[in-house]
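The values are calculated or read from the model by the stated rules, or taken from the named source; none is laboratory data. Since we're looking at a predicted model, the values are computed, not measured. Using ideal geometry, Cβ is built from the backbone for each residue, glycine included, and neighbour counts are taken over all protein chains shown.
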Amino acid sequence: MAIKVAGRHNYDMDGLLKEIAQPGIKVVVYFFSVEYEHFEPQKALKRAFPQAICVGASMHGGWCPAGPMEKGIVAMSLGADEVEEVFVTLKEGVKADPAKSARAAIDELKQKLGYRNINPDDYLGIVLLDGLSQGEVLMQELSLEPRLNLPFIGGAAADEMSFIKTLVGLDEQLSSDGVVLLVMKMRIPFYYNHYLHLTPGTASMVATKADAKQRTIWEINGEPAVSYYAKLVGVDVERLDFQVFANNPLGVVSGNTVYCRSVYGVVEGGGLRFYCYIEAGTTLHLLKQGDIIADARNALQDAASYLSQLQGAILCSCAFRLLELKALNKIEAFNNVFKHIPFIGFTSYGEELFTHHNQTLTAIFFGRP
């Protein structure tokens, strides 16, 4: 039939279900505020569409044509005209051992796929993971698996910036310690990419002492990381907060590509904790703010240059981007860039495309046959 989307600013599940209903649904992707857990949205979706695979994640705000939402639920349905086959798994234990959980998920997916040869032009992967785990470790395992030669795009589940509990769902199960891997053999063309409106400034430095497993840098250029960073951005240590971190991320530059590394917070003893690990010896750059709305328009134009006609999109946008949009009073403007196509999105604790990113817009776009 078509790609259908819906969004609700409250828990109007009946209305949402009616809007995305269509014959032959194969997949439902949804994002929801973590406080809706007690409503059990995963069970309502599966009851309504028992033949479909339903995957979801908790969010820190959502996006859809009806408008941006601070809290609510958004959902997309894809039918048999869009998806030929579906393979999926949910594995838990990602907090304690993300590599082990990733391997278990990969092994199950390979078995379900029948160890077939995969053409990445036909197969699309979606990954949704616990936002309080090390997504970079999980993505590394996926990227190194030769039998899963396809892109996995997605995001890390979020809560209300309390960093207490994030959720991922598969069918009737919700997990606060899991990863969902979904593989779809597509009947329609698709395109994916990640977009960053931040550019390297002139200031560069080296992480001279770091604990990658803890995502913590202890020293920058041989000085305590916190005091060095505070001087770099011109703020007293006592005034470092989420807004300062959002406005002053660091980045790793590889050729023409910038990988953002957002600061999570201050660690006792003079360290800085990040949303993604950084190894000792890594050269970092202080990133400058660009035009976040122009970057969103570029994403849409980029996709349109590859797909003759857009019929849908799934957006994963970092929580720090939301802070920036709020500060600029441009939340509506960002949503309006995409509102003329059926789309859903969620504000995440990191975005996934070959690796674990910070402060990016990572997107999947769907075309027509």
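For segment 169-214, the strands (runs of 3 or more DSSP E) that sit wholly inside it and include 2 or more residues that are hydrophobic (A, V, I, L, M, F, W, C) and closer than 16 Å to A105 by Cα are 178-186. Within segment 251-272, the set of residues being within 17 Å of G290 (Cβ to Cβ) and in contact (Cβ under 8 Å) with a residue 40 or more places away in the chain comprises G251, V253, V258, Y259, C260, R261, S262. Scan segment 287-301 and tell me whether some residue there is buried (at least 21 other Cβ atoms within 10 Å of the Cβ), in the same structural domain as D159 (by TED's automatic domain parsing) and charged (D, E, K, R). Within segment 287-301 (the criterion being buried (at least 21 other Cβ atoms within 10 Å of the Cβ), in the same structural domain as D159 (by TED's automatic domain parsing) and charged (D, E, K, R)), the answer is no, since none of the residues qualifies. Would you please name the residue that is nearest to N149 (Cα to Cα), looking only at residues in segment 83-110 that are among the basic types (K, R) and over 19 Å from the mean Cα position of the chain (by Cα)? The residue in question is K110. Scan segment 66-82 for residues that are surrounded by fewer than 22 Cβ atoms within 10 Å (Cβ to Cβ), over 19 Å from the mean Cα position of the chain (by Cα) and of a type outside the set (D, E) and jot them down. Those that are surrounded by fewer than 22 Cβ atoms within 10 Å (Cβ to Cβ), over 19 Å from the mean Cα position of the chain (by Cα) and of a type outside the set (D, E): A66, G67, G79, A80.
Look at (1) crowded, with 18+ Cβ neighbours inside 10 Å; (2) at pLDDT 95 or above; (3) not small (G, A, S) and you find that E37 fails only one, number (1). Considering segment 249-355, the qualifying helices (runs of 4 or more DSSP H), each wholly inside and each with 2 or more residues that are of a type in the set (G, A, S), run over 292-306, 319-328. Contact annotation: residue pairs with Cβ atoms under 6 Å, 6 or more positions apart or on different chains, pairing a residue in segment 349-366 that is surrounded by fewer than 24 Cβ atoms within 10 Å (Cβ to Cβ) with a partner that is among the β-branched types (V, I, T), are L353/I153; L353/T362; I364/I153; I364/I314.
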